Ligand code: ADP
Ligand code: ZN
Ligand code: ZN
């Protein structure tokens with residue numbers, strides 16, 4: 001073997017005298033790095049390792065001609081599809097390849113290196129070291145400089161590979177985007193080792209022992225029995241243990257998280273806890289609470305709102321174990337955490353845990369999987385769990401921990417009532433009973449929230465003379481009328497233009513907004529209650545350079561009691577502990593109630609519970625009034641009883657009967673083209689491929705149909721739903737089917753995509 005390698009090496013040198021510097025490497029030892037990069041290639045790419053310092057000796061010790069896959073003890077064959085080991089896409093001249101032959105730390109498993117891919121250089125991760133490559137010598141390219149940065153652990157790579165297999169993407173498409181952008185940028189340095197320098201000035205708590213930390217931590221409130229029992233259960237578990245912590249807003253779930261985190265950290269000096277939250281704007285409040293509670297621990301936030309350097313620095317602190325508590329949004333589920341001992345997912349039902357664009361993963365689902373891989377407990381917390389998690393708890397696969405009471409004795413449940421819009425037609429969006437309630441609230445000097453999930457002035461602008469409507473020219477939807485800024489704006493694709501002075505079709509100058517948006521409601525409220533102090537919070541208000549500070553100033557004003565009526569979208573429903581709110585009005589719940597998506601009721605219930613949670617925080621009598629044309633809908637009855645359990649049970653039975661998730665499993669194939677026909681035609685060709693596949697027997701393929709929003713940003717979009725009763729059947733089918741789809745390429749379409757466990761179908 002060694003001899004043969006020797007010979008091949010020499011003959012190569014003769015063929016290619018430019019490669020003479022290779023003699024620097026030990027003769028006869030051809031070392032190959034297997035590298036993953038952010039491209040949809042089924043297998044890692046092979047690269048030649050040249051430099052002495054990257055030399056074979058160290059590498060041999062690490063992994064004698066074994067691939068990383070076999071080292072970490074999982075099945076060979078990685079990523080999506082079943083392609084053969086691919087070489088770099090094509091050989092191009094690389095003038096600086098020899099010059100950048102790196103000095104510095106050796107190429108080792110988990111290290112980041114610059115590699116040529118096609119005509120570009122990219123950062124890749126070394127996932128294997130081999131003695132030989134199946135790629136022809138002449139096509140084998142040379143690995144570039146090692147990037148000074150983290151060495152990723154086998155456990156971390158394994159998590160990424162699991163996600164890649166589960167979502168049917170390539171390993172590199174998951175792993176590289178999971179790193180902070182700064183670390184995966186090709187460094188500018190040409191010589192020596194490449195550096196992606198990261199400022200490391202954030203404090204860490206490594207100096208203090210756990211006992212000292214406990215002594216100085218600000219104690220939380222004296223916990224109730226049910227809270228203590230929950231903490232006991234979580235921290236007393238052995239190995240992998242999933243929990244569903246179920247309790248209304250204010251029932252003390254966060255105190256349970258903090259209590260569990262505290263115990264886990266006290267148990268071991270280096271332990272780490274990961275706390276995932278749905279939104280960036282919730283992290284500052286929670287971070288403040290964590291810092292007050294754990295002043296001597298390293299606490300970092302990880303989310304996409306951070307500046308690149310901050311984000312990379314925080315990531316490195318977690319990676320090096322200097323941060324013990326990691327608070328983050330969905331991307332943080334991929335944080336590198338050497339001593340992770342607990343994962344918490346707060347508001348686990350929230351749709352922001354689902355990633356769109358790139359790999360469509362669910363951070364909540366991956367958190368559970370990660371806990372399983374690491375053999376640790378994971379806590380999913382919510383007042384309105386996803387039906388999937390609820391069902392897991394019903395089946396006993398997740399342990400249900402219920403907090404039945406509001407934690408603070410002062411909080412009281414609001415009365416929840418519907419207002420029948422048939423009986424009480426809305427006047428400028430507000431029905432008479434809601435108006436009366438607002439009168440009373442103002443008279444008592446209390447606060448009111450008006451929740452409407454539509455921003456802008458009106459969802460559509462209309463010409464009463466000729467029935468012209470403000471359609472978005474690029475989507476199958478209407479452009480909303482924004483009075484502030486005098487524009488028409490499509491909320492789906494971002495298209496916008498100035499409001500026309502007259503109807504484009506007939507010249508009529510009297511155009512009218514149809515329906516309600518936050519701006520119009522704000523205007524109506526100001527007109528009806530001129531003495532009241534009114535504020536509006538929605539995304540339009542929150543955008544721009546000053547948006548964030550404007551929004552937080554508005555929230556502060558509400559907290560300070562300087563606002564009587566707050567009008568807003570979903571942004572006002574989360575996280576804020578407004579003390580003086582006694583009335584909440586909900587204006588357009590019906591849009592969700594009649595939506596075609598089978599998950600719409602679940603989302604509506606969650607939003608309404610969350611809105612209701614804003615009322616009566618200080619114990620005052622409070623009410624939630626929901627304007628609807630369907631007051632008889634069972635969702636409202638369960639809501640009025642504050643019974644998520646009742647609602648969930650109905651939903652679970654409905655889904656069982658209708659064969660919907662969690663009783664079946666879905667994958668959604670989507671395609672986009674200039675027009676609908678080729679988009680659907682592509683999907684039909686994909687569906688036809690099933691004829692060749694045995695694995696297709698256990699799945700159902702539905703007809704290719706236009707997506708609910710069929711035309712978006714000038715693209716027509718089709719979808720094809722794949723369904724299986726057993727998850728394993730779904731994956732087996734996708735494993736066999738997707739490589740054939742890849743072979744089809746993009747013929748006739750712009751692109752296609754596969755999504756496992758789609759949230760909207
Ligand atoms: P959730 O996360 O379920 O919304 P929190 O844990 O944030 O609830 O608790 C709501 C409020 O009640 C917080 O101000 C918290 O400090 C307080 N709290 C929680 N548990 C208790 C308790 N056992 N005794 C007194 N106050 C508590
Ligand atoms: Zn007109
Ligand atoms: Zn549009």
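The values are calculated or read from the model by the stated rules, or taken from the named source; none is laboratory data. Predicted model, so just to flag it, every value in this text is computed and none were measured. So basically every Cβ, Gly included, is an ideal-geometry build from the backbone, and we count neighbours across all protein chains shown.
Of all the numbered requirements in (1) touching a residue at least 60 places away in the same chain (Cβ under 8 Å); (2) more than 23 Å from residue 635 (Cβ to Cβ); (3) not in a helix (DSSP H, G or I), residue 402 misses one, and that requirement is (2). Only one of the listed residues (543, 509, 519) is surrounded by fewer than 20 Cβ atoms within 10 Å (Cβ to Cβ) and either more than 31 Å from the chain's Cα centre (by Cα) or touching a residue at least 24 places away in the same chain (Cβ under 8 Å) (or both). That residue is 509. For region 489-510, the set of residues classified as more than 10 Å from ligand 3 (Cβ to nearest atom) and assigned to a strand (DSSP E or B) consists of 497, 498, listed by residue number. Would a scan of region 260-277 turn up a residue that is part of a loop (DSSP other than H, G, I, E, B), away from ligand 2 (no atom under 16 Å from the Cβ) and buried (at least 20 other Cβ atoms within 10 Å of the Cβ)? Yes, region 260-277 contains at least one residue that is part of a loop (DSSP other than H, G, I, E, B), away from ligand 2 (no atom under 16 Å from the Cβ) and buried (at least 20 other Cβ atoms within 10 Å of the Cβ).
The set of residues in region 702-732 being out of contact with any strand residue (DSSP E or B) (no Cβ under 6 Å at 6 or more places or on another chain), over 27 Å from residue 493 (Cβ atoms) and either surrounded by fewer than 17 Cβ atoms within 10 Å (Cβ to Cβ) or free of Cβ contacts under 8 Å to residues at least 24 places away in the same chain (or both) consists of 725, 726, 728.
The single residue among 290, 306, 286, 282 that is farther than 22 Å from residue 153 by Cα, more than 22 Å from the chain's Cα centre (by Cα) and away from ligand 3 (no atom under 16 Å from the Cβ) turns out to be 290. As a summary of the residue check, residue 492 satisfies the conditions (1) within 16 Å of ligand 2 (Cβ to nearest atom); (2) in contact (Cβ under 8 Å) with a residue 12 or more places away in the chain except for the one numbered (1). Looking across region 278-305, the residues that are free of Cβ contacts under 8 Å to residues at least 60 places away in the same chain, part of a loop (DSSP other than H, G, I, E, B) and surrounded by fewer than 16 Cβ atoms within 10 Å (Cβ to Cβ) come down to 304, 305. Surrounded by 13 or more Cβ atoms within 10 Å (Cβ to Cβ) and within 16 Å of ligand 2 (Cβ to nearest atom) - does that describe any residue in region 432-450? Looking for residues that are surrounded by 13 or more Cβ atoms within 10 Å (Cβ to Cβ) and within 16 Å of ligand 2 (Cβ to nearest atom), one finds none in region 432-450, hence no.
Out of curiosity, is residue 474 touching a strand residue (DSSP E or B) at 6+ places or on another chain (Cβ under 9 Å), farther than 23 Å from residue 589 by Cβ and either away from ligand 2 (no atom under 16 Å from the Cβ) or modelled with pLDDT under 95 (or both)? Taking the combined requirement at face value, the residue satisfies it.
Selection within region 160-179: residues that are under 16 Å from the mean Cα position of the chain (by Cα) and outside any loop (DSSP other than H, G, I, E, B). The member of this set that is surrounded by the most Cβ atoms within 10 Å (Cβ to Cβ) is 174.
For region 550-593, taking the residues that are assigned to a loop (DSSP other than H, G, I, E, B) and at pLDDT below 85, the one that is farthest from ligand 1 (Cβ to nearest atom) is identified as 578.
Flag: residue 466 matches the condition of being exposed (fewer than 15 other Cβ atoms within 10 Å of the Cβ), more than 22 Å from residue 587 (Cβ to Cβ) and more than 14 Å from ligand 3 (Cβ to nearest atom).
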